[in-house]
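To start, the structure itself, in structure tokens.
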Amino acid sequence: MMIVTSNLAVHSHKKWMIIIPVLLFSIIFGMRYGVGIDYYAYLDIFKYGNNSYYGDFEPAFMFIISLSHYFNIGSFGYFFILAFIQILFLYLSFIKHRFVLPFLPVVLIFTGIAMTGFMNSIRQTIAFCIFVFSIHYISNKKLISYCALIVLSSLFHRSALILFPLYFLWYNKDQWFSDINKQVVLVLISFITANIISLQQIVEYFDLLIEWLGYSRYLDNHGDKMYNESSIGLGYIMILFIYLLIISNSKKMKLMFADKTFNIMYDLFIIGVLCEFLFHSSQMMMRITYYFNGFKIILMTYALFYFYKQRFSNGICFARFVVVSLIFILFFIRIILFSETNTVQYVFSFQKEWHSIKDAQHTNMIRILKAN
């Protein structure tokens, strides 16, 4: 439905139509039960606030909790508001290129990002979505507007404060990554060396910074469990293929979208790709660098649109579109196949008979995380 309504919004002359897919996502998000490993933590925070086990939180987040209690809209209203802020800023980020919007829900749903990302690290994904929207004010050289949005995002997750200096990196610079060959080499190096670097030793040098950014609870709650001996398998190889495909077509995409905002988003995407591979074995480091690796959502959306539009140009373009489509379908099949053994399987809050099953799934996932 989000894909259909996004398409209708694009082809409609009424700009307010964009609110329909935003509302759909927010309603589905708000009516969930037990979806996402962090669901129960956010539910506890809603019930107990700063008196919960999880510690103190940022003022905007706590304001939404207070607002939900004041108007007695329950956990549905609480999750609905959070989701609405998330997806609204994300949709508004494509304001200059509204025609790509039908491909955004494809990326969110088929890659599982909607379930595993947006329904988990809610506070930081809100901060991230506001940051994505703020890129327009970097390209337009509107420092006050950019700073205001970063302050707003920090009211949901204080780590967003580290984003202030980014404005000056592109103030007099259109783009940092233009040489495709160098980008490919950098990505391959990060991919190959991902299992060589000792993340735990590196992170120990940044204890104070980690605590200030609000990530210390990950160390407190998980300790050295934040570092895995995870290997790079077929899934990561397919992701690498998608990234390299985007990089190899980046010059043509930049010509198609012809916008400094897109160029900045692309630069942040490249930084994110490097971080994603280098830090893939650390949940904490992946969250710290989410402001960069989250841009894969944006670039995959643009890339899908580009591959779709070019699919009939020649045989190679058609084969490229087919292969990419198959990879996205494989991503989605994998999510469906494993949904019964993790917390991704969607259940509505009114489906009471399924609550015990979701509770058991969550308990099982926590047990697995502690055992690894």
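The helix-only estimate of mean residue ellipticity at 222 nm for the chain, built from DSSP H runs of length n ≥ 4 each weighted as -39500 (n - 2.57), is -20000 deg cm²/dmol after division by the residue total. For the chain, the relative contact order comes to 21 percent (Cα pairs under 8 Å, sequence separation of at least 6). Applied to region 171-176, the Karplus parametrisation 6.51 cos²θ - 1.76 cosθ + 1.60 on θ = phi - 60° returns per-residue 3J(HN,Hα) values of 4, 10, 9, 7, 6, 9 Hz, with x for Gly and Pro. Of the DSSP H helices in the chain, those that are both long (alpha-carbon extent of 30 Å or more along the helix axis) and hydrophobic (Kyte-Doolittle mean at least 1.0) are 315-338. Taking amide H atoms as placed 1.01 Å from N in the peptide plane, the amide H of Arg32 lies under 5 Å from those of Ser349, each 5 or more residues away in sequence or on another chain. Overall form of region 124-190: oblate. Here a/c, set by the Cα gyration tensor axes a ≥ b ≥ c, is 1.5 or more, and a/b is not larger than b/c.
Listed peptides 326-333, 152-159 appear in the order 152-159, 326-333 once ranked by packing, highest mean of other Cβ atoms within 10 Å at the front. Does region 247-288 classify as rounded, prolate or oblate by the C-alpha gyration tensor (a ≥ b ≥ c root eigenvalues; a/c under 1.5 gives rounded; else a/b over b/c gives prolate, otherwise oblate)? Taking the square roots of the gyration eigenvalues as a ≥ b ≥ c, region 247-288 is prolate.
Quick check: from the Cα gyration tensor, does region 284-338 come out rounded (a/c under 1.5), prolate or oblate? Write out the running numbers ahead of the final one.
On the way: a/c = 3.82, a/b = 1.57, b/c = 2.43.
Oblate.
Provide the packing ranking of 25-33, 117-125, 59-67, i.e. peptides ordered by the mean count of other C-beta atoms within 10 Å per residue, highest first.
117-125, 25-33, 59-67
Over all projection directions, the Cα-based convex hull of the chain averages an area of 18.9 nm².
Compare the peptides 75-83, 316-324 by average per-residue count of other Cβ atoms within 10 angstrom and give them in order, highest first. Each step should come with its number before you reach the end.
Working: 75-83: 21.2, 316-324: 14.9.
Averaged packing, sorted descending, gives the order 75-83, 316-324.
Averaging Cα coordinates gives a centre for region 51-130 and one for region 273-292; these two points are 20 Å apart.
The numbers here are math on the coordinates, done by the rules we state, and not lab data. For clarity, every value in this text was computed on a predicted model and none was experimentally measured. Quick reminder, even Gly has a Cβ in these numbers, built from the backbone with ideal geometry, and neighbours come from all protein chains shown.
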